[in-house]
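The values are calculated or read from the model by the stated rules, or taken from the named source; none is laboratory data. All figures in this text were calculated on a predicted structure; none of them were measured in a lab. Cβ atoms come from the backbone with ideal geometry, glycine included; neighbour counts cover every protein chain shown. Protein only, heavy atoms only, side chains kept; ligands, DNA and RNA dropped before computing areas. Shrake-Rupley method; radii C 1.70, N 1.55, O 1.52, S 1.80 Å.
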Amino acid sequence: MAEHHWIITLQWHDPADKHTQTLDGVSDLGSSATPQDLYRHVYRWSTNHLKIDRYDPAVLMHKALPNEL
């Protein structure tokens, strides 16, 4: 799998409110990575980055495309 640009939108509830956040980035997991590997990497990175992994956020949208024009 080559370098991919990805977008993910997460939604979660904490004790105070409901939140929605969209993130994007570029990842290259190597040639043996599968689309599922990329999805799991993006989800794990995003929940850790936002510090929301304990709220079990729902994925509203995820898209990944090769990072080339």
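Quick notes on this structure:
- Any hit, the stretch 46-61, residues being touching a Leu at 6+ places or on another chain (Cβ under 9 Å) and within 13 Å of H4 (Cβ to Cβ): no
- Selected residue (criterion: nearest to Y55 (Cα to Cα)) from residues of the stretch 9-19 that are open to solvent by 80 Å² or more (accessible area, probe 1.4 Å) and not in a loop (DSSP other than H, G, I, E, B): H13
- Count of the stretch 22-58 residues which are surrounded by 14 or more Cβ atoms within 10 Å (Cβ to Cβ), in contact (Cβ under 8 Å) with a residue 40 or more places away in the chain and either in a strand (DSSP E or B) or in contact with a helix residue (DSSP H, G or I) (Cβ under 8 Å, 6 or more places away or on another chain) (or both): 1
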